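Step one of this worksheet: look at the structure below.
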Amino acid sequence: MNEYEVWFEEFRKSNHFNFLQKKPIAYFSIEYALSDLLPTYAGGLGVLAGDYVRELNDQQIPSIAVGLFYQNKYGVQDIPHQKSNYVPLSPQEQGLKPVVDENNNSIIVEVPIQDHQVFVKAWVWQNNSIPVYLLDTDVEENSHIDRQIVYQLYDGDKETRLKQEMILGIGGFRLLEKLNIQPSLYHMNEGHSAMLYLEIVRHEMQKRKIGFKDALTLSTHHVVFTNHTLVSSGNEVFSNELFNFLLSRYSAEIEVPITDILELGTIQESNSFSMSLLSLRLAGKINAVSQLHAKEAEKSWAGYSFDSVTNGIYLPTWDKVSDNDVIGSHAQNKKKLLDYIKKETGQVWGENDLIIGWARRMVRYKRPLSILGDVNRLKQLATDKTPIRIVMAGIAHQSDDDGRDMIEQIKGIMKNELLNSAVFLNDYNITVSGMLTTGSDIWLNTPVVGSEACGTSGMKASLNGTLALSTKDGWIYEVDTSQIGWDIDTNSVEKSILDVLQYDILPKYYSEDKSSWETLMKNSRGLILSKFSTTRMLKEYFEKLYIPTLITSYTHYSS
């Protein structure tokens, strides 16, 4: 039993734990990576949420989670002119159960949107995790348009996106009311669930017979907000006109003027409403997900103080090697990856060839084309004696032309310049991600420093003996990279990658003496096991955010 598990063993004997048994933690996120069968995630935010709900379950923390049920898969594969292997399954086939009352009837909640009520049902996932309730508008009483509100994660239409976030925040709170679940604190995983805050305020107003402004003050005592990204695409902004249009009925229902609600999230000297700003203004506790991210967040959001809780990974999901034989286990994982590459692409690579892996959402700040920037030099470095194999994977939002263009550029370069030494894997999912992080020799990570919040895929790779080749962003900022791999100069990323390959990686990897490479592999695994698990992360959430919030809640609930 490690130090973190000992901490939780003691915590389960505490008054804080006893309080949670009566009033649990409610975790809200717009995406969760729970299974390859469930199209409920797009990238790192969802994978983190999936890991987190499993860790909460392992530590027996009284808690529930709330999200949305999507009928179709996120990503570029869903564009009509492109081939897709995805076939939607029924909720039951995906491992979900309907949320029903004592008479086995579906529990339905109503969310006022625009000028009418939208009916919402729910499904629950509880496979090696706390209960995760997924809200669904595909209800017979709804119009066709309303039944499609949560058709797909991160819908490209702004109106639909805001409706989704209303369903998540408002509908999620009302579902918990129907289930008679009374949380002591609400943890919002990114600002997509910020509408939840309005429901907490509404509840306080009705319970205590107080006005809007007084309820605002009381409600901050219950809310923890985690910010995951500083880039604009990750921070939802809607026009005040759209916000006014869709929330007018809700405003009337809770008897709060829409102008008062708009004030909470309106960006100064603009006509835009920011979900992140709403979350920052009203949360009692705020955190970023790495030390560097916290520093950058305080620059971006002047006047707000961010605690730092660096993300971790759920070890039972991602650990595919043996402590007794890290080298041999990694070799077996590499063979599985090579077999998959052969099956999917026809490429046959040697088991001793150097494999460089890269897999992310396709967004510009992650710089996916970096290793392909000087193809001629790359080909010169890759000789018969020192072959270099590159495997990449990723998805782009269906409305993200730039992301889709980058994928096509990558595929074009691979086909025309690197036909036998580079592949792009389609249908990126949890399983493919696992094979890439465990089977690659090098995990390439190229974001602009200060842009990547944490970068947990690198943790998964290091856990399994894959060495890091990364800019000093996210969690890598917190470690001595020389003990687990190599740094990349963020200001000359294309040249730096090839320089490190030429002068450090290739000589070390293809040396007859493998001891120094194997030492790095073992160092990498040891670092993740000791410092970057979700067990450590959850402990820090309790110490820095949850317990202070619970202490406030004691006073609040006794008043």
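Remarks
- In Å², nearest 10: area of Lys415 left accessible to a 1.4 Å probe: 150
- Hydrophobic long helices, here whole DSSP H runs in the chain with Kyte-Doolittle means of at least -1.0 and Cα atoms spread over 15 Å or more along the helix axis, are found at 44-58, 195-208, 240-254, 326-345, 515-531, 547-558.
- Per residue, the accessible area of the chain comes to 39 Å², computed with a 1.4 Å probe over protein heavy atoms only.
- Here the extension length gained between Glu177 and Asp115 equals 20.0 nm, from 0.36 nm per residue of separation less the Cα-Cα distance.
- Within-13-Å neighbourhood charge of Gly265 [Cβ basis; K, R +1; D, E -1]: -3
- Accessible area of Arg364 (1.4 Å probe, protein heavy atoms only, ligands and nucleic acids ignored): about 120 Å².
- The spacing between region 252-313 and region 111-125, judged by their C-alpha centroids, is 25 Å.
- When Lys379, Lys539, Lys22 are compared by accessible surface with a 1.4 Å probe, the order from highest to lowest is Lys22, Lys379, Lys539.
- Looking at region 1-157 alone, DSSP beta bridges between its own residues are antiparallel in about 60 percent of cases.
- Three-way shape call for region 445-498 based on the alpha-carbon gyration tensor, with the a/c threshold at 1.5: oblate
- Cross-link partners of Lys209 among aspartates and glutamates (Cα-Cα below 13 Å; sequence separation of 8 or more within a chain): Glu255
- D_trans [Stokes-Einstein, Kirkwood Rh over alpha-carbon pairs] for region 507-547, 4 °C, 1.567 mPa s, µm² s⁻¹: 104
- From the Kirkwood radius over Cα pairs of region 1-136, Stokes-Einstein at 20 °C and 1.002 mPa s returns a whole-number translational diffusion coefficient of 127 µm²/s.
- Sorting Asp36, Asp401, Asp499, Asp146 on solvent-accessible area from highest to lowest, probe radius 1.4 Å, gives Asp401, Asp36, Asp499, Asp146.
- Flagged links, alpha-carbon separation over 32 Å, of Lys379/Lys472; Lys121/Lys544; Lys336/Lys366: Lys121/Lys544
- Qualifying GluC sites (Glu not before Pro) for region 191-290 [loop in DSSP, other Cβ within 10 Å: at most 11]: Glu255, Glu269
- Too-long pairs where the Cα-Cα distance tops 28 Å, listed order kept, from Lys207/Lys295; Lys460/Lys508; Lys158/Lys207; Lys385/Lys411; Lys295/Lys460; Lys343/Lys495: Lys207/Lys295; Lys158/Lys207; Lys343/Lys495
- Sparsely packed loop sites in region 494-559 (the GluC sites (Glu not before Pro) outside DSSP H, G, I, E and B with at most 14 other Cβ atoms within 10 Å) comprise Glu512.
- A simple spin-label model places the labels of Asp402 and Gln483 3.7 nm from each other, with each point 7 Å out along Cα-to-Cβ.
- Start at zero, step by 10 Å, and the Cα-Cα distances of region 269-408 spread as 9, 22, 30, 23, 13, 4, 0 percent across the bins.
- Largest accessible area first, the residues Ser530, Ser35 order themselves as Ser530, Ser35 under a 1.4 Å probe with ligands, DNA and RNA left out.
- Ile108 accessible area, assembled protein chains, probe 1.4 Å, Å²: 50
- DSSP-defined beta bridges in the chain - what % are antiparallel, rounded to 5: 30
- Relative to the 2.2 N^0.38 Å rule of thumb, region 147-217 has a C-alpha radius of gyration ratio of 1.22.
- Compactness relative to 2.2 N^0.38 Å, alpha carbon Rg of the chain: 0.98
- Rounded percent of accessible protein surface that carbon and sulfur make up, the chain, 1.4 Å probe: 48
- For region 185-326, the fraction of alpha-carbon pairs in successive 10 Å shells from zero, as %: 11, 36, 30, 14, 6, 3, 1
- Rg ratio (alpha-carbon, reference 2.2 N^0.38 Å) - region 206-261: 1.42
- Rounded FRET efficiency, nearest 0.05, which uses the C-beta distance separating Asp513 from Phe212 and R0 of 51 Å: 0.15
- Nonlocal amide H pairs with Ala422, under 5 Å, H built at 1.01 Å: Ile390
- Whole-angstrom Cα spans of region 483-559 along principal axes, big to small: 70, 31, 11
- For region 351-430, fraction of C-alpha pairs farther apart than 17 Å, in %: 45
The values are calculated or read from the model by the stated rules, or taken from the named source; none is laboratory data. All values derive from a computational prediction rather than experimental measurement. Cβ: placed from backbone, ideal geometry, glycine included. Neighbour counts: every protein chain shown. Heavy atoms of the whole protein, side chains included, go into the accessibility calculation; ligands, DNA and RNA do not. Shrake-Rupley method; radii C 1.70, N 1.55, O 1.52, S 1.80 Å.
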